[in-house]
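Undergrad: Quick one: this structure, given as structure tokens, is what I'll be asking you about.
The values are calculated or read from the model by the stated rules, or taken from the named source; none is laboratory data. Everything quoted here is computed from the prediction, not taken from an experiment. Glycine also receives a Cβ, built like all others from the backbone with ideal geometry; neighbour counts cover every protein chain displayed. Quick note on the areas: whole protein, heavy atoms, side chains included, nothing else; ligands and nucleic acids left out. Shrake-Rupley method; radii C 1.70, N 1.55, O 1.52, S 1.80 Å.
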Amino acid sequence: VCVCEDHGTAGEPENLLLLATFDGGMAKLHRGRDFYGAPRLSPDGSQIAWICWSHPNMPWDGTELWLADLDAEGAPGNARRIAGGPDESIFQPEWSPGGVLHFVSDRTGWWNLYRWTGQDGEAEPLCPMEAECGMGFWQFGMSTYGLSGYGDIVMTVAEMGEWRLKRLDRDGSVQPIDLPYADYYDINASGGRAAFLGTGDREPSSVVLYDIKTGRHEVVKQSTVLDIDPGYLSAAEAVSFPTGGGDTAHGFLYMPANREFAAPEDELPPLIVKGHGGPTAQTRRGLSLKIQYWTSRGFAYLDVNYRGSTGFGTSYRRKLDGQWGVADVEDCVAGARWLADQGRVDGNRLLISGGSAGGFTVLAALTFHEVFKAGASHYGIGDLMALADDTHKFEARYLDRLIGPYPERQDLYQARSPIMHVENLSCPVIFMQGEEDKVVPPQQARSMAAALRDKGVYTELILYAGEQHGFRRAATIIDTLQSELAFYQRVFKL
């Protein structure tokens, strides 16, 4: 069973649910919605569940969970919606070995775990909590819980943006699983064992097997072998700080760490503020060699979970509705100022960096605020109207909720597009851009760089041949880090 995207139709490609047979045949199981995801056959093959949604929603805004019966030939019947709607986000339907359907829903304002019994048309909450057991459904195969086969469920739970591993016992109690990791991803379980990706504050991500009965774990594979003295590594510090409208924003702070060097006693470190991509996504703690590159060279680094990020409940996630380019920028500015006011960083050496949607936050912060000394835009969005006019189907209506319907609210798109207000930008910027980027075409970076140079603002533009949206080649990634560092060093001498 698979999701198909048919580009043979006029206009947008059509998404539908297909049943593919081993003799090469294909049967259409369901169609008529803009998007489908997570098709799941019951263990006996008699039923199929899936989620679907339509424009202008994204899957974290509102999705539906459907269930259909399958006859001996695989033909569906009695298809019905059993959960979800335009304002309820469903995530990761899964069948237990005994044939009971489980799923995650944010109907209470938190992505929590439910079980569908089919009785009285209601779903049973398994462990209600003010914490997140789900996340934004950006990609197929995302998983935050696993059914052990023995009645236990191993799940990842985000509490104030930090993911922890827990076990839901058959009696309904939730037990923490104490393992030496700072973050957990992609849970799967079967036969009394769970597999997941675990990342430590100073250890790289690893594939880990966990025995639910004995509590023992083993590392199957590490993403990379590191032989680095811990004295060179900075651990994340979860921070919360006041921001606009009386709200609170969150992030992870990494202070400089290098056992061979120390700054003079009277000198505070420069700060890099990072806005994550998405923007409906989340930055998570755990070892990042990119971040350690900066902290080992004397920079403090604030990785911001601005309003709109996942991991803090539905209300926090929806604070970016209509406010993209405002709330996210305000939170990055507030975090930088707060750390400077706390006396932890040098308020005269505040920098901002980000890629894609985070790059837009960078350019908006530099254009509409006078807080940062310089910024680095990695394939960042400068023209919101161009983004709305030319993007792929999945995100074609994403900005309707984040900004407003287009072109009806073109005024908002113009007001928040940095490229329309270059006259306000007067600090140095480095643009790093893939030449084959189809999400944010390189012309956006070229136009902004040219306009800044015409103003006499110190600007650098680096175009990478063969790179698209998000750099993938090792040589490119190395060059971006070294070029950004050299840029900041030049800026500090200007």
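Undergrad: Let me make sure I get this right: for region 217-302, a, b and c are the square roots of the gyration tensor eigenvalues over alpha carbons, sorted descending. Under 1.5 in a/c it's rounded, otherwise prolate if a/b > b/c, else oblate. Which is it? Intermediate values should be presented prior to the final figure.
TA: Working: a/c = 2.41, a/b = 1.14, b/c = 2.11.
Verdict is oblate for region 217-302.
Undergrad: Also: Report, in listed order, any pair from Lys319/Lys373; Lys166/Lys393; Lys290/Lys493; Lys221/Lys373 with a Cα-Cα distance greater than 30 Å.
TA: Table pairs above 30 Å Cα-Cα are Lys166/Lys393; Lys221/Lys373.
Undergrad: Run through region 430-461 and list the trypsin sites (Lys or Arg not before Pro) located in a DSSP loop whose Cβ has at most 12 other Cβ atoms within 10 Å. Walk me through the numbers before you get to the answer.
TA: Working: sites: Lys438, Arg446, Arg453, Lys455; in loops: Lys438.
Filter output for region 430-461: Lys438.
Undergrad: Rounded to the nearest 5, what is the percent of antiparallel bridges among the DSSP beta bridges in the chain?
TA: Within the chain, antiparallel bridges account for around 75 percent of the total.
Undergrad: Can you give the calculated 222 nm mean residue ellipticity of the chain, where each DSSP H run of n ≥ 4 adds -39,500 (n - 2.57) and the sum is split over every residue, rounded to the nearest 500 deg cm²/dmol?
TA: Details: 9 runs with 90 residues, N = 494.
Estimated from H runs of four or more residues: -5500 deg cm²/dmol.
Undergrad: Classify region 345-494 as rounded, prolate or oblate, taking a ≥ b ≥ c as the square roots of the eigenvalues of its Cα gyration tensor: rounded when a/c is under 1.5, otherwise prolate if a/b is larger than b/c and oblate if not.
TA: Verdict is oblate for region 345-494.
Undergrad: Net charge near Pro270, counting Lys/Arg +1 and Asp/Glu -1 over other residues with Cβ under 12 Å of its Cβ? Mind showing how you got there, number by number?
TA: On the way: positive: Arg297, Arg344, Arg349, Lys373; negative: Glu267, Asp346.
Net local charge, Pro270 excluded: +2.
Undergrad: Just to confirm my numbers, what's the Cα centroid distance between region 378-416 and region 105-135 in Å?
TA: Measuring centre to centre over Cα atoms gives 33 Å.
Undergrad: Something else now. Before anything else, pin down the relative contact order of the chain: Cα pairs under 8 Å, at least 6 apart, normalised by residue count, whole percent. Provide the component values of the computation, followed by the final result.
TA: Values: 1142 pairs, mean separation 39.2, N = 494.
Reported relative contact order: 8 percent.
Undergrad: For a bin width of 10 Å, list the pair-distance distribution of region 21-93 built from all Cα-Cα distances, rounded to whole %.
TA: Result returned by the calculation: 20, 49, 25, 6, 0.
Undergrad: Restrict the search to region 235-309; then list the chymotrypsin sites (Phe, Trp or Tyr not before Pro) that DSSP places in a loop and that have at most 15 other Cβ atoms within 10 Å of their Cβ.
TA: Passing both the DSSP loop test and the Cβ count: Phe261.
Undergrad: Would you mind getting the accessible area per residue of the chain, heavy atoms of the protein chains only, 1.4 Å probe, in Å²?
TA: Values: 21260 Å² over 494 residues.
Counting only protein heavy atoms, the per-residue value for the chain is 43 Å².
Undergrad: Jot down the per residue volume, in cubic angstrom and as a whole number, of the convex hull over the alpha-carbon atoms of region 129-192.
TA: Here the figure is 94 Å³ per residue.
Undergrad: May I pose another question? Out of the chymotrypsin sites (Phe, Trp or Tyr not before Pro) in region 96-192, which ones are loop residues according to DSSP with at most 16 other C-beta atoms within 10 Å?
TA: Details: sites: Phe103, Trp110, Trp111, Tyr114, Trp116, Phe137, Trp138, Phe140, Tyr145, Tyr150, Trp163, Tyr181, Tyr184, Tyr185; in loops: Trp110, Trp111, Phe137, Trp138, Phe140, Tyr150, Tyr181.
The qualifying sites are Trp138, Phe140, Tyr150.
Undergrad: Along each principal axis of its Cα atoms, how long is the chain end to end? Whole angstroms, biggest number first, please.
TA: Projected onto the principal axes, the Cα atoms of the chain cover 74, 56, 46 Å.
Undergrad: Give the distance, in whole Å, between the Cα centre of region 440-466 and the Cα centre of region 221-248.
TA: If we compute the Cα centre of each part, the gap is 31 Å.
Undergrad: Please sort 171-177, 375-381 by packing, taking for each peptide the average over its residues of neighbouring beta carbons within 10 angstrom, highest first.
TA: Those peptides, ordered most packed to least, come out 375-381, 171-177.
Undergrad: Quick check: at a probe of 1.4 Å, how many percent of the accessible area of region 20-100 sits on carbon and sulfur atoms?
TA: The value for region 20-100 is 51 percent carbon and sulfur by accessible area.
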